[in-house]
Each structure stands twice: as C-alpha cells, then as structure tokens.
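**Q** Can you keep this structure in mind? I'll have questions shortly.
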Amino acid sequence: MNLSEVTYPKDTKNRVQTLLVEEANRTSRSARNWLEITGIRARTLQPLGADAQHGSSASRGESNGEAQAQKLSQPKRIIRRTILVSGAAAVLAGGLVASDVIHFGGNTIPSTAHAAELLNRAADSVIATTDPAVGPGQYLRLDTAESTINASENGLMWTARSDNQLFVPYDRNGEWVLNLGPLEPAEYFGAATEEKVENYYRSKGLQSPEPGRQLRGLGGTVVFSANSVTFGNLSPTEEATIPREPAALVDWIKAEIKGTDASVWSFIAGQLATGVVPAEWRAALYRAAALVPGAIVTEQQITLDGRSGTAVGRTEDGVRTDVIFDPASGLFIGMRAVNETGNSIVPAGTTTAWTSVRTSVVDSID
C-alpha cells in the first residue's frame, strides 16, 4: 500500500515514511546476508507485501521503504504489505559491554582479543566432537525458534514469534521438509496494541496469527537461496575449492559476497544459524569470524530460549549482530540483532530479531 492511501494527522505520513526508509536501509546494510543466505530466516524474518505471491509489489507502487526492504530477501512466508524494521523485543534486550575491555579475576583483557580467543576455542571444541550420526532413512531435525519486529505501513510495530522444524534427509540431495509454525504477534510498541494489530490483519483479509504450513523440496531448495553459497549443503566442487585456512576463507567470503567486514560477519552468523553446517566447516567459520575486525564480547553469559552461552557481536550502522555459542563445547545456540541507537518508537539497546537452533536425529517427519 502506498502511504498516500492512508489518512494521517499533519506531518505524520512523512515522519513514518522517513522512519521506515531509514530503518530498512540500516537493516539492509547490516543484516542483508543473514536474511538472504540463511534460508529459514529468509522465510520468517522478512515479511513481504501481498502482491509478492504474484510478482513484485514494488512495481505496483509500494512506498520506497517497502520496496527497499523487500529487496533483502524473497521469503515464502508472508505478512502481506508489511516490512521488516529494526526495532526491539524488549523482553530480550541485552545489556551491552560499554567499554572495550573485560575484567576477569583482576586481569584486564581487550574484548576484541577475548572475542577471538572464545571463537577459536569454540572451533577447537567443534573439531574434538562429532556431529549427530544420521543413518539411512533417518533425518537431522532442526528446531528453530525465531522472533522479529514487524511494521505496518501506518506505523504500528510489534514482535512476532514462530517455532519451526526442518527435516534434513540422510541423502542431502533428497527431499527436505520445512514445517513453518504459526507467526504469532507477541510484544507491541508505541501506539500498537493487540487489538490494533488484529484489526490491521483483518483489514487486509488476513488471519492473526498467520497460519503455519509445510514446504518440501529436493536438496534444500525449501531453505537455501539458489544464488547463494551455503556451507550446510556444499557441492563437491565447492568443498574442494573453498579454502579452510581462516584468513583465506575471510578473503573468499568477501569476494563471493562482494562485501565488507560487516557483511562477512553477518554472512558467517547467518551460515551458523542454519544449523546444518558440518563440524569441519563450523570450525572454519568460527576461526574466520575470529579474524573479522570490530567483533567484541557483548555478554559473557546470556540465556537465549532457555540455553546459556556467550555473545560475540559486531556493530554496523547502529545495528549489532551477535553470535551466541558455548565456547567450551562449540555448540551454536543462536543469534540476535540489537538496535543500539533506537528511534522514536523503539528504545535503544533492544533486540530487533533473534533465532535459536537445536538439533537431533529422528526416524520420521512429524
């Protein structure tokens, strides 16, 4: 919907449009790779316009903010005519490390050095462990919980959560099954209320919560973008040509995504968040992440969806992307995006999106 189609008080339309455009731009620079490359994220963290089912909504006159946000990814799940905006789930807002040092037992360690140390320790731990063994006829099951901010074109902002399951077959060229759970509104910001959000959905002819559904496809096509490399399902050629040495891998990623340090960090975080990256490549990605400038320990102890770990993050354009893991075991727990500067609706230091991942081996699809 074009903002001109909505009646606003004086000056509100321009303020809302400017806010949405600015937030879409900030998110696109810091989280583009997370949204584009991480398949499950790309189908749940990035709501699209109604016309996305039948073609580009931008061509039908959506606002610039909506058009720019829609370029971030092409998800299957939709909240029609809404866009992803950097905002916050206040209940998950994490405290930031205000300085660039951390104090342990009287010793002062630069947080950037400590971040690299923890990432390398996680890599060592991953190599020392074995991935769950998936036998013929079995599936690697990934349970993901996800939450993000959503915004309507008339300025309502709320968080929505979904719980999903991905089933990866023993033969990864076989059929993958993705169960997308209902996308349920959870927290409300500014003028938004449960009633207003429900009325918004109703006005668009939509259900709230947005219903879940099942997607099936060969070789991970229900999860991964066809034009993006994924370390969770590399071809034999990619396995042979992608370097494992950390510095060379960082250079390879930069060349592959034509990116900067910020986009390399988001790329690595997004790859880890798929939950299907084999141990060898998880270790390589942890070591590559340890070389990305600007990453610091943002929380030594954080609980995400019931599990505790350490958060290491990097900030770009006011949005921080945290990787959350257990350094002792190398277990990847999840990731989050934190808006460090805030805006007129969402406070600074709040979590705009998060995802947690759990893996197991099962004999059948639920």
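**Q** List every residue pair whose Cβ atoms sit under 7 Å apart, with the two residues 6 or more apart in sequence or on different chains, where the first one lies in region 178-196 and is over 9 Å from MET157 (Cα atoms) and of a type in the set (Asp, Glu) and the second, anywhere, is part of a loop (DSSP other than H, G, I, E, B) and open to solvent by 20 Å² or more (accessible area, probe 1.4 Å).
**A** Cβ pairs passing all conditions: GLU184/PRO209.
**Q** May I ask you to list the residues in region 232-254 that are open to solvent by 40 Å² or more (accessible area, probe 1.4 Å) and under 20 Å from GLY294 (Cβ atoms)?
**A** Answer for region 232-254, where residues must be open to solvent by 40 Å² or more (accessible area, probe 1.4 Å) and under 20 Å from GLY294 (Cβ atoms): ALA247, ASP251, TRP252, LYS254.
**Q** Among the residues of region 180-195, which ones are outside any strand (DSSP E or B) and open to solvent by less than 30 Å² (accessible area, probe 1.4 Å)?
**A** As a first pass, look at region 180-195 and keep what is outside any strand (DSSP E or B): 181-182, 190-195.
Matches in region 180-195: GLY181, ALA192.
**Q** Only one residue in ASP317, ASP305 is modelled with pLDDT under 90, open to solvent by 40 Å² or more (accessible area, probe 1.4 Å) and under 27 Å from PRO169 (Cα atoms). Which one?
**A** On the way: ASP317 fails: under 27 Å from PRO169 (Cα atoms).
Criteria check complete, one pass: ASP305.
**Q** Anything in region 206-229 that is over 16 Å from GLU175 (Cα atoms) and out of contact with any strand residue (DSSP E or B) (no Cβ under 9 Å at 6 or more places or on another chain)? List them, or say none.
**A** If the condition is that a residue be over 16 Å from GLU175 (Cα atoms) and out of contact with any strand residue (DSSP E or B) (no Cβ under 9 Å at 6 or more places or on another chain), then LEU206, GLN207, ASN227, SER228, VAL229 are the ones that fit.
**Q** Would you pick out the residues in region 196-227 that are among the hydroxyl-bearing types (Ser, Thr, Tyr), open to solvent by 60 Å² or more (accessible area, probe 1.4 Å) and modelled with pLDDT of 90 or more? Step through it out loud before you land on a result.
**A** Quick first cut of region 196-227, residues among the hydroxyl-bearing types (Ser, Thr, Tyr) only: 200-201, 203, 208, 221, 225.
Narrowing further to those that are open to solvent by 60 Å² or more (accessible area, probe 1.4 Å): 203, 221.
Of everything in region 196-227, just one residue is among the hydroxyl-bearing types (Ser, Thr, Tyr), open to solvent by 60 Å² or more (accessible area, probe 1.4 Å) and modelled with pLDDT of 90 or more, namely SER203.
**Q** Here is a list: VAL134, VAL126, VAL177. Which entry is in a strand (DSSP E or B) and at pLDDT 90 or above? Before you say what the answer is, go through the steps one by one.
**A** Values: VAL134 fails: in a strand (DSSP E or B); VAL126 fails: in a strand (DSSP E or B).
Only one candidate passes the filter, namely VAL177.
**Q** Considering only region 261-366, give the strands (runs of 3 or more DSSP E) lying wholly within it that have at least 3 residues that are among the hydroxyl-bearing types (Ser, Thr, Tyr).
**A** Numbers: elements: 296-304, 307-316, 319-326, 331-339, 350-362.
By residue number, 307-316, 350-362.
**Q** May I pose another question? Residues that are buried (at least 17 other Cβ atoms within 10 Å of the Cβ) and of a type in the set (Asp, Glu): does region 356-364 have at least one?
**A** no
**Q** Among the residues of region 216-247, write down those that are polar (S, T, N, Q) and assigned to a loop (DSSP other than H, G, I, E, B).
**A** Our first condition is that a residue be polar (S, T, N, Q); within region 216-247, this holds for 221, 225, 227-228, 230, 233, 235, 237, 241.
Selection gives THR221, SER225, ASN227, SER228, THR230, ASN233, SER235.
The values are calculated or read from the model by the stated rules, or taken from the named source; none is laboratory data. It should be emphasised that the depicted structure is a prediction, and the values quoted were computed from it without experimental measurement. Counting neighbours? That spans all protein chains shown, and the Cβs are built from the backbone with ideal geometry, glycine included. Just so you know, the surface numbers come from the protein's heavy atoms only, side chains and all, with ligands and any DNA or RNA stripped out. Shrake-Rupley method; radii C 1.70, N 1.55, O 1.52, S 1.80 Å.
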